[in-house]
Structures are given as C-alpha cells and as structure tokens.
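Below is one structure, written out as structure tokens; the observations come after it.
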Amino acid sequence: MRMAIAGAGLGGLTLARILHRNGIDAVVYEREASRAARSQGGSLDLHPESGQLALAEAGLTGRFRSAARPEGEELRILDPAGRTLLHHRPQPGSFSGRPEIDRSALRDLLLDALPHGTVVWGHRLVAVAPGPDGGFRLEFADGHRADCDLLVGADGARSTVRSLLTDAEPDYVATLAELNISDVDRRYPDLAELVGPGNLWCLGVSRLLAAQRSGDGSLRIAASLPADDHHIGNKRALLDMFHGWEPRLTALIEAGDGRVWPRRIEALPTGTRWAGRPGVTLIGDAAHLMPPVGEGANQAMLDAAELARELAADPADPHAAIRAYERGMFARIGPIAEMSARVHAMMLSPTAAEDIVRFFTAPR
Ligand SMILES: Cc1cc2nc3c(=O)[nH]c(=O)nc-3n(C[C@H](O)[C@H](O)[C@H](O)COP(=O)(O)OP(=O)(O)OC[C@H]3O[C@@H](n4cnc5c(N)ncnc54)[C@H](O)[C@@H]3O)c2cc1C
C-alpha cells in the first residue's frame, strides 16, 4: 500500500512516526523548503489525554520531557488596570498537568524520529486526481506528480485535500497581531517578571493582550481583536487599540522588536463532517480548524494516534480503518469544537474578564 500524507505539521509527523513504529511506511509531502524555512511560532501546552498520549504512542515521552517546561503552564490573568484576577501555578516539576514545549522543539523531536527521506520538502500539493491504477494522483506546484493508494490530508487550515471530502470553508473569527521581544531577561527584566515563566492574559472590553515566554528567552506578544478590527499593521495603531491600559501592559507592545504581524484567525463551522470516501481522510486543522484556545495541536496529534492505531490494527482493510477513525474523531471533536468556539467568543466579549475567571474557577 502506497501511503501519502500531505503536510509535515504536528499532525502529519505524529502520524508518520506512529505508523513507522507499526511497520507501515508513508511519504510526507511538505510545501516548505526545509525544516528551517519558517519560524514555527510560540509554545504549546500538551495535555495528558491528547498530545502527551500521542507522544507516548510515538515512543517519545522521554525526549518530550527533556524538551518541555512544566513551569510554562503558569497562567496570570489581569484586568486592563493591571489587577490580578487569577494566578494558576502548576506543581513544580510535574508533568501531570499541561507542560509547555516550543513548537520548533516539538517538530524537531518528531522529524528526528523519522527515517531519512520520509519527509519530501518543497512539495506544495495543488491538486488531487484519480490515479491511473486506482488511488490518487497528487500534483505539486512545481509540476512533480506522485501516486498513492491512501491519502491523509494533514495540510492544515487551508487544506487542499479537504475539498475531496467536504465543501466546508473556514470563517474569519478574529484578528491577531503578533510581536516578539528577544532576550527579555537582560533587556526588559520588569516585563520578564510581569509575565513570569508561562502565560499572561490581560482581558479588556472585546480585546485581549497576551504574552508567552518561549524556551529561547524571548516573549511572544499577541493582541486578539474581533474579526473586523484589522487596522493594526503597526505598533502605533496597536497602542491606540489599548489606549488607557496600565502602562506596564502597553509596555509589552512598545518593547516589541521589529514589525507587527497581523493575521486572520479562522475556524471551520462546528459540526463539520463528511460522508466518507474510500482511500482518503483528514486529520488536525484540515479536519476541524478551531479558534486557538489550546486544543488544535493536541487534537491533531490525537487524531494521528487514533488513525495510526486503526490502520495498524487492520492493515488489510484501510477503508474500514478510516471509517472507524472518522466515527471516533467526529464524536470526540464535536464538543471540543463547540467549547473552543464558546471560550474564544467569551475572550473577546465585553465582559471577558468576569466570564473567563468564572470559567476557570467553576467546579468541574
Ligand atoms: C495563534 C495560535 C495559537 C495556538 N495555540 C495553540 C495551543 O496553545 N495549543 C494547541 O493545542 N493548539 C494551538 N493552536 C492551534 C495549532 O497551532 C494547530 O491546531 C495545529 O498546528 C494543527 O496541526 P496540523 O498538523 O493539523 O496543521 P499545521 O500545524 O498547520 O501543519 C500543516 C502542515 O501542512 C503544510 N501544508 C499546508 N498546505 C500544504 C500543501 N498544499 N501541500 C503540502 N504541505 C502543505 C504546512 O506547511 C504545515 O507544515 C494555536 C493556533 C494559533 C493560530
């Protein structure tokens, strides 16, 4: 069986690794030119029941623990006047919570665990057609072609593979503006102290200013605004958005290096599913792009683990394995996508501070 995975993100790489451990080889086609082609972004918290479980099935728990930062789970929530509303401190050194790991470290850990040549770089999938002898013919932007019997779309938010299964399109749900502050302990010790070892959220009226410490000693600053607030291409415009906030908080924007990176945040409609088609399926953001409230990467990795488990259990009938995976994935993702949409809307609501503190302190 010739198996192709489109996309070497966290979902695609986790799938390739677990399949390889089960004696199933796959080729991963990735549009980026190399592993270093692009900065991978900030850090992620991996949950025990999803991201960490997938890494255990990938045989990578030890390497994850060496690279992860349990103290990065710390979360401080402030109001625009700088008053602390909530302060969550994890148990020191414990991996039982949601330790943080830099995205680049996690991706490297997965890439290093794959046989050389598994990832074919510089291959942007642009079209999929029926194969000459069954299966699929993949067409890449540079004119290359490849055939496969089984295709997994792990190609993220703007998936090319998705259109084989559903017409669903992502909606524009928020605008995010990002900045970076490098070498923060030396250059801005007061800001390092304010943010602490993990995450800081400052919740205002329909806007959120967040800061996150990365393993390389930098801070990533992100301003979240409703979808139509998109005039934030520079620091001045961003500072105007947060006018009147406590100067220690706006100092996070002023200290940002270089330019502001605005981006659209999109999500697929909750409840997106498809009828099923032999030989092809989706994992991760390609299947269920959600607003970013800490589930997307975790669920992408769990999708990978569950699909790999089904394929390994029944290699002679991959179509039945895909059907079983999709049934489980749809049932699992439905409530998570709804919760993510609800929490995200809450974070950008006029009453975000009270709503989020109530959410975090409600008995579970
Ligand atoms: C600001 C922000 C913060 C977030 N924070 C968190 C968090 O704290 N915790 C969490 O769990 N999730 C978080 N997420 C969500 C998380 O980033 C995604 O859900 C996760 O990366 C999805 O993994 P994936 O493998 O499905 O897709 P991706 O990570 O997007 O990987 C897709 C891969 O496919 C490649 N690709 C795309 N198109 C093609 C093509 N046509 N041909 C070939 N290759 C292609 C891409 O280059 C990429 O390498 C956050 C998201 C954002 C935007």
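The values are calculated or read from the model by the stated rules, or taken from the named source; none is laboratory data. Quick caveat, the model's predicted, so the values are computed rather than measured. For neighbour counting, all protein chains shown are included, and Cβ atoms are generated from backbone atoms with ideal geometry for every residue, glycine included. Quick note on the areas: whole protein, heavy atoms, side chains included, nothing else; ligands and nucleic acids left out. Shrake-Rupley method; radii C 1.70, N 1.55, O 1.52, S 1.80 Å.
Comparison of ALA313, ALA305, ALA321 shows that the only residue that is under 22 Å from the mean Cα position of the chain (by Cα) and either assigned by TED's automatic domain parsing to the domain that holds GLY276 or modelled with pLDDT of 95 or more (or both) is ALA305.
Hey, does region 263-276 have a residue that's crowded, with 19+ Cβ neighbours inside 10 Å and within 24 Å of HIS88 (Cα to Cα)? No, the conditions are met nowhere in region 263-276. Restricted to region 96-127, and to residues there that are β-branched (Val, Ile, Thr) and open to solvent by less than 30 Å² (accessible area, probe 1.4 Å), the residue that is farthest from ARG145 (Cα to Cα) is ILE101. Only one entry of ALA345, ALA341, ALA324 meets the criterion of being open to solvent by 20 Å² or more (accessible area, probe 1.4 Å) and in contact (Cβ under 8 Å) with a residue 60 or more places away in the chain, and that entry is ALA341. Any residue at all in region 133-152 that is surrounded by fewer than 17 Cβ atoms within 10 Å (Cβ to Cβ), within 26 Å of the chain's Cα centre (by Cα) and more than 14 Å from the ligand (Cβ to nearest atom)? No, every residue in region 133-152 fails to be surrounded by fewer than 17 Cβ atoms within 10 Å (Cβ to Cβ), within 26 Å of the chain's Cα centre (by Cα) and more than 14 Å from the ligand (Cβ to nearest atom).
Scan region 153-190 for residues that are closer than 25 Å to ALA210 by Cα and either within 15 Å of the ligand (Cβ to nearest atom) or open to solvent by 30 Å² or more (accessible area, probe 1.4 Å) (or both) and the total you get is 21.
Checked against (1) in the same structural domain as VAL126 (by TED's automatic domain parsing); (2) part of a loop (DSSP other than H, G, I, E, B); (3) within 27 Å of LEU289 (Cα to Cα), GLY23 passes all but a single condition, namely (3).
Taking the criterion of being open to solvent by less than 50 Å² (accessible area, probe 1.4 Å), within 9 Å of the ligand (Cβ to nearest atom), farther than 20 Å from ASP102 by Cα and acidic (Asp, Glu), would at least one residue in region 28-44 satisfy it? Scanning region 28-44, I find at least one residue that is open to solvent by less than 50 Å² (accessible area, probe 1.4 Å), within 9 Å of the ligand (Cβ to nearest atom), farther than 20 Å from ASP102 by Cα and acidic (Asp, Glu), so the answer is yes.
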